[in-house]
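Undergrad: Take a look at the following structure, please.
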Amino acid sequence: MRHKHLGTAAAAVVIALVSVTGISAASFMLGPLVQVSGTSPFAADCDNHGDQTGTAFLNSEVEPWIDVNPTNPLRMIGVWQQDRWSNGGSRGLLAGVTTDGGASWVIGGDLKTSLCTGGTPSNGGGYQRATDPWVTFGPTGIAYQLSLS
């Protein structure tokens, strides 16, 4: 019986939050598809490719993650793995930024998560592979990006 009351209370909180904040499906509009990623920007020898096991799938992009700036919903950041390896990780992580709600994107970011993205032992990114990209905005609009290398 207790679980039934907790579920009812949780539903009431969600309904109250939606009512107060004015969130509705009508608040969002889906635009046209926009290609963000493209061919690999990495040099062929940036990660000692020949010394590694597995197959690198060049020009592949996997595990995309995107977040919207809560202070300006036109600003978003997306991150993804570029050139995925068959046995885990990728040659590097890339980021894309939009300031117009996703109509256009700039690819870049100084992630330095692997050798292919400018990582070195001295800047903490001297790894052959990177994986699990994640980005989020704090409540004040500051972006935070993390990954595993």
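Undergrad: I'd like the residue in segment 134-149 that is hydrophobic (A, V, I, L, M, F, W, C) and farther than 10 Å from Trp65 by Cα and, out of all such residues, is surrounded by the most Cβ atoms within 10 Å (Cβ to Cβ). Working first, answer last.
TA: Of segment 134-149, the ones hydrophobic (A, V, I, L, M, F, W, C) are 134-135, 137, 142-143, 146, 148.
The next check asks that each one be farther than 10 Å from Trp65 by Cα; those that pass are 137, 142-143, 146, 148.
On the way: Phe137: 18, Ile142: 10, Ala143: 16, Leu146: 11, Leu148: 13.
Applying the filter and picking the extreme gives Phe137.
Undergrad: Another question, if that's okay. Of the conditions (1) in contact with a strand residue (DSSP E or B) (Cβ under 9 Å, 6 or more places away or on another chain); (2) of a type outside the set (S, T, N, Q); (3) more than 27 Å from Leu33 (Cβ to Cβ), Trp80 clears all except one; give me its number.
TA: Exception for Trp80: condition (3).
Undergrad: Would you confirm whether or not segment 113-133 contains a residue that is in a strand (DSSP E or B), surrounded by 13 or more Cβ atoms within 10 Å (Cβ to Cβ), under 15 Å from the mean Cα position of the chain (by Cα) and β-branched (Val, Ile, Thr)? Walk me through how you get there before you give the answer.
TA: So in segment 113-133, the residues in a strand (DSSP E or B) come out as 130-133.
Next, from what is left, pick out any that are surrounded by 13 or more Cβ atoms within 10 Å (Cβ to Cβ): 130-133.
Within this subset, residues satisfying the condition of being under 15 Å from the mean Cα position of the chain (by Cα) are 130-133.
Narrowing further to those that are β-branched (Val, Ile, Thr): 131.
There is at least one residue in segment 113-133 that is in a strand (DSSP E or B), surrounded by 13 or more Cβ atoms within 10 Å (Cβ to Cβ), under 15 Å from the mean Cα position of the chain (by Cα) and β-branched (Val, Ile, Thr).
One line per residue, one yes/no per condition, for (1) within 13 Å of Thr136 (Cα to Cα); (2) among the aromatic types (Phe, Trp, Tyr); (3) at pLDDT below 95:
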position: Pro64; (1), (2), (3): yes, no, no
position: Arg75; (1), (2), (3): yes, no, no
position: Trp85; (1), (2), (3): no, yes, no
position: Gly88; (1), (2), (3): no, no, no
position: Asp100; (1), (2), (3): no, no, no
position: Asp110; (1), (2), (3): no, no, yes
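Undergrad: Additional query: For Gly101, state whether it is assigned to a loop (DSSP other than H, G, I, E, B) and closer than 16 Å to Val36 by Cβ. Before you say what the answer is, go through the steps one by one.
TA: Values: assigned to a loop (DSSP other than H, G, I, E, B): yes; closer than 16 Å to Val36 by Cβ: yes.
Here the answer is yes, as Gly101 does meet what is asked.
Undergrad: Would a scan of segment 126-142 turn up a residue that is among the β-branched types (Val, Ile, Thr) and within 18 Å of Pro41 (Cα to Cα)? Give the steps one after another, and end with the answer.
TA: Restricting attention to segment 126-142, the residues satisfying the condition of being among the β-branched types (Val, Ile, Thr) are 131, 135-136, 140, 142.
With the extra rule that they be within 18 Å of Pro41 (Cα to Cα), the set shrinks to 131.
Yes.
The values are calculated or read from the model by the stated rules, or taken from the named source; none is laboratory data. Small disclaimer: the values here were computed from a predicted structure and weren't measured. Methodologically, a virtual Cβ is constructed for each residue, glycine included, from the backbone with ideal geometry; neighbour enumeration extends over all protein chains shown.
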